[in-house]
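Shown next, in structure tokens, is the structure this report addresses.
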Amino acid sequence: MLTLQALRHDRDAIQSALAKRGLDAAPLLDRILDLDLQRRTTQKEVDDLKAQQNAASREIGDLFKSGQKAEAEARRAEVGELKERIHELDEQQKALIQQQEAALLELPNRPHDSVPSGQSDADNEVVDEEGTKPELGADAKPHWELADQYRLIDFEAGVKISGAGFPVYRGKGAKLQRALIQFFLDRADAAGYEEFIPPHLVNSDSGRGTGQLPDKEGQMYHCADDDLYLIPTAEVPLTNLFRGDLLKADDLPIQLCGYTPCFRREAGSYGKDVRGLNRLHQFDKVEIVRFEKPENSYAALDGMVEHVKGLLRDLELPFRTLRLCGGDLGFTSCLTYDLEVWSAAQGRWLEVSSVSNFETYQSNRLHCRFKNGEGKPELVHTLNGSALALPRIVAALLENHQTADGIHIPAALQRYTGFDRIA
RNA sequence: GGAGAGAUGGCAGAGUGGUCGAUUGCGGCGGUCUUGAAAACCGCUGUACCGCAAGGUACCGGGGGUUCGAAUCCCUCUCUCUCCGCCA
């Protein structure tokens, strides 16, 4: 969430930045600042009363020690009244803080200056486009047909054992998954990201830390008996590794990566979006995460985008980069680049990566800080990106690289698959 | 699942009702010494909120209670550790 300090100092700028999301934040901002004023007023009052009580307690202690019992008893009665009033004000202040927290949670992150305003994904800005879209014949097949033809993925078996959105990979289809994961991890490692294998179930504190809770409660699978959530992305456990920590300036930047399965309920999805591998309840992803000093975070963001582009180039997939508009920008993000690959047989772009800078929005909830040059604790900037999510990559690989005599495996991937063609 | 022990500042670890926001060590910062460094010695070194400031308030796992006064006593929750049981 945004910091109160930012809201106090930059209210108007924040309001106009949030307008790019199509959000009229004025009422909420007014409410938060009003609650803030009330809280400060109450605190001043209660602090003064507590100061009186503390002073009285010290005196009473001294009186008892010097044997002035009567005097001490008299003072005790006085303090009784103070206590009542203090308790009352404490409760008031607690309520104010609670309301303020709730209001702050409703407020999304402030979009970066470069974020275009817009309503939906139609208004996203295409930053660049790279690679050549293949010319496929009229008999080109979508990936779900190819997956069936070459016996790579059994969607029906998945339906039987779990339900829709839980594909079963088999044979070369399974090997391709494993090859991609290994390829992505090796590339992340080469780029300086330390590999982690985190838990796949997390507690609610972790969900709150990265902003999935309370905002996207319904999107995560929840194990009610143990109050644990299946991770929707490795971002959650990886970022929460440093929840509550005070880092040294020398520790930064921190670069992590990890492969995990990801679980998403995807309530409300339908139609062509869910066909084949386009949208799943369980899928595999390699995630990269960075903790940065504020002055470095946007350079780091560019570096992450470049890293992802390198992967797509080596997979010989045509792709484009989008700068998300305010309306499409995630709740917790300041600036997000989406990378999309061209799905030749479906004739559409598929999102395969989302790279974001959250600035201090997550670290404020996480209480993750570092000691800056002056030795003062300061919130770190957090960033993350998919590098990469597998299903749509597989879809694009199958569709784009289909030939009359099978599916060609990109050269960079062959040492991982152990085969150069699926036939 | 059963029994017991514990949770204190960046880390380690004292503190069992009253100047305790907290002894000490390590780490960090500054200084003396040195050509430089190490060692030694000296000093400083938690966070948040309110306040122009002086200063005030809160925080010893979370929540509640007793008391004029709680790190310290009571209740409760969470977590960690040890032992036993079960088990990949």
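Before moving on, here are some points about what is shown:
- Among the residues making up segment A:172-231, those that are of a type outside the set (Asp, Glu), part of a loop (DSSP other than H, G, I, E, B) and either at pLDDT 95 or above or over 18 Å from the mean Cα position of the chain (by Cα) (or both) are A:191, A:192, A:193, A:224.
- Summed over segment A:232-244, the residues that are in a loop (DSSP other than H, G, I, E, B) and surrounded by 16 or more Cβ atoms within 10 Å (Cβ to Cβ) give a count of 6.
- Pair list, Cβ under 7 Å, 6 or more apart: segment A:83-98 residue in contact (Cβ under 8 Å) with a residue 60 or more places away in the chain, other residue more than 11 Å from RNA strand B (Cβ to nearest atom) and among the hydrophobic types (A, V, I, L, M, F, W, C): A:96/A:35
- Answer from A:171, A:192, A:211 - the residue that is over 24 Å from residue A:289 (Cα atoms), of a type outside the set (Asp, Glu) and away from RNA strand B (no atom under 16 Å from the Cβ): A:171
- Taking segment A:352-408 and the strands (runs of 3 or more DSSP E) fully enclosed by it, the elements with 1 or more residues that are free of Cβ contacts under 8 Å to residues at least 60 places away in the same chain are at A:406-408.
- All positions within segment A:6-65 that are more than 16 Å from RNA strand B (Cβ to nearest atom) and among the hydroxyl-bearing types (Ser, Thr, Tyr): A:16
- Residue check for residue A:77: surrounded by 13 or more Cβ atoms within 10 Å (Cβ to Cβ), within 14 Å of RNA strand B (Cβ to nearest atom) and at pLDDT below 90: no
The values are calculated or read from the model by the stated rules, or taken from the named source; none is laboratory data. These figures come from a predicted structure and were not determined experimentally. Positions of Cβ are generated from backbone atoms using ideal geometry, with glycine treated the same way; all protein chains shown enter the neighbour counts.
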